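Enquirer: Take a look at this one; I'll ask things after.
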Amino acid sequence: MIESSFPRRLHPYWPKLQEKTRLWLLEKRLMPADKVAEYADGLCYTDLMAGYYLGAPDEVLQAIADYSAWFFVWDDRHDRDIVHGRAADWQRLRNRLHTALDAPWTHLHHPDPLVAGFAESVLRLYGFLPHTWNQRFARHFHAVIEAYDREFHNRAEGRIPTVGEYLALRRLTFAHWIWTDLLEPSAGCELPDTVRRNPAYRRAALLSQEFAAWYNDLCSLPKEIAGDEVHNLGISLITHAGLTLEEAVEEIRRRVEGCVSEFPEAERNALALARQIDDGTARGRELSAAVRTCVGNMRNWFSSVYWFHHESGRYRVDSWDDRATPPYVTNETAGEK
């Protein structure tokens with residue numbers, strides 16, 4: 001369905017993007033040099049962003065790709081803190097990220113590389129659109145940090161959320177609205193609330209993000225079962241809906257395919273909204289063009305996510321020496337004590 005209906009495209013800046021993000025990970029000490037050399041390109045973090053934000057200026061795409069790479073490293077730190085019972089380390093990091101999000105310029109030289117790298121990437125993202133966009137991005141990411149904290153406690157306590165709880169939490173831990181927010185600097189235009197909250201725009205955005213989250217759960221299920229995790233739609237379905245593993249996989253596939261099949265109609269409605277916005281004024285033409293760009297990139301998210309999950313080393317669990325320990329992470333705690 002994806003390969004036939006959502007052709008793969010990559011931003012022409014991608015080769016340079018890969019090189020610069022690899023150097024950024026080294027410069028910010030977010031991954032050890034040996035891990036960067038062996039795994040960075042194969043993890044395909046830049047491929048994912050280069051397949052999504054097409055049309056973005058090079059510097060915008062670079063900032064997004066570096067932030068995305070940071071996000072994956074943060075996700076890995078969160079996972080290792082849970083696995084090794086480092087609750088105090090996690091709480092310290094959680095608090096510092098909240099503070100750095102509101103004042104990134106004060107954290108550029110923080111002793112914890114994860115905090116300093118976050119501050120630098122956020123400060124770059126804050127430079128493209130007005131302060132109102134920055135405030136919205138910060139509000140959305142504060143919610144993501146808190147969702148990660150809820151996941152930390154669920155996993156530490158071995159608590160598997162109900163299906164309803166998981167669905168609500170997953171929109172935050174997958175950062176649905178962050179990746180949707182970043183469509184706007186890619187299009188060079190902040191969209192007003194009347195556009196972003198319009199049901200036609202919101203539906204298309206949500207379908208693209210829900211597809212990504214459920215496809216991620218489908219592809220992550222072997223890794224997360226091996227790691228004795230509790231946060232995956234399949235695990236919630238098995239525990240609370242009484243499904244077998246095979247039935248849970250089929251239910252996730254049904255949700256994934258529903259997003260794919262429903263998107264074209266949502267896309268048409270969002271593009272109709274773009275036409276309505278073009279009222280002949282300069283502002284109307286600008287907003288209309290931005291909406292068309294954003295909706296086009298929502299479409300690109302399907303193919304980008306699909307190929308990422310089939311190519312990235314994050315999901316090659318059968319090739320790992322320890323199926324519960326990704327080879328691209330370090331198990332040591334990090335940051336200032």
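Enquirer: Can you give the FRET efficiency to the nearest 0.05 for His142 and Glu59, using r as the Cβ-Cβ distance and R₀ = 25 Å?
Expert: Between His142 and Glu59 the formula returns 0.45.
Enquirer: Then there is this: For region 62-171, what does the accessible surface come to per residue with a 1.4 Å probe? Please give it in Å².
Expert: For region 62-171, the solvent-accessible area averages 37 Å² per residue.
Enquirer: A follow-up question, please. Show me the GluC sites (Glu not before Pro) within region 148-237 that DSSP assigns to loop and that have at most 12 other Cβ atoms within 10 Å of their Cβ.
Expert: Glu157
Enquirer: Let me ask another. Looking only at region 87-124, which residues have a backbone nitrogen under 17 Å from a spot 7 Å from the Cα of Gln135 in the C-beta direction?
Expert: 101-104
Enquirer: Over the chain, with every protein chain in place, what whole percent of the accessible area is carbon and sulfur at 1.4 Å, could you tell me?
Expert: 52 percent
Enquirer: Further question: Where only protein heavy atoms count, and the probe is 1.4 Å, what is the accessible area per residue for region 194-241 in Å²?
Expert: Each residue of region 194-241 exposes 34 Å² on average to a 1.4 Å probe.
Enquirer: Moving on. Taking 7 Å along the Cα-to-C-beta vector as the label spot, tell me the His84-Ala168 distance in nanometres, rounded to one decimal.
Expert: Going from the His84 label point to the Ala168 one covers 3.4 nm.
Enquirer: Also, quick follow-up: How far is the Cα center of region 156-203 from the Cα center of region 22-101, in Å?
Expert: Value for the Cα centre distance between the two parts: 19 Å.
Enquirer: Hey, in the GNM for the chain with a 10 angstrom Cα cutoff, which one of Ala205, Ala63, Ala143 fluctuates hardest?
Expert: Residue with maximal mean-square fluctuation among Ala205, Ala63, Ala143: Ala143.
Enquirer: What Kirkwood hydrodynamic radius, in Å, does region 254-337 give when the mean of 1/r is taken over all pairs of distinct Cα atoms and then inverted?
Expert: Taking every pair of different Cα atoms in region 254-337, averaging 1/r and inverting gives 16.7 Å.
Enquirer: Taking only DSSP H segments of four or more residues, each worth -39500 (n - 2.57), what value at 222 nm results for the chain once the sum is divided by all its residues, to the nearest 500 deg cm²/dmol?
Expert: That comes out to -23500 deg cm²/dmol.
Enquirer: With mean projected area of the Cα convex hull in nm² as the read-out, I listed [x] 17.9; [y] 16.4; [z] 15.6; which label goes with the value calculated from this structure?
Expert: After the calculation, the listed value that fits is [y].
Enquirer: Tell me the accessible surface of Arg253 in square angstrom (1.4 angstrom probe, heavy atoms of protein chains only), to the nearest ten.
Expert: Spelled out: Arg253, probe radius 1.4 Å, area about 100 Å².
The values are calculated or read from the model by the stated rules, or taken from the named source; none is laboratory data. These figures come from a predicted structure and were not determined experimentally. Cβ sites come from the backbone with ideal geometry, for glycine too, and all protein chains shown count toward neighbours. Heads up: the accessible areas ignore ligands, DNA and RNA and are worked out on the full protein's heavy atoms, side chains in. Shrake-Rupley method; radii C 1.70, N 1.55, O 1.52, S 1.80 Å.
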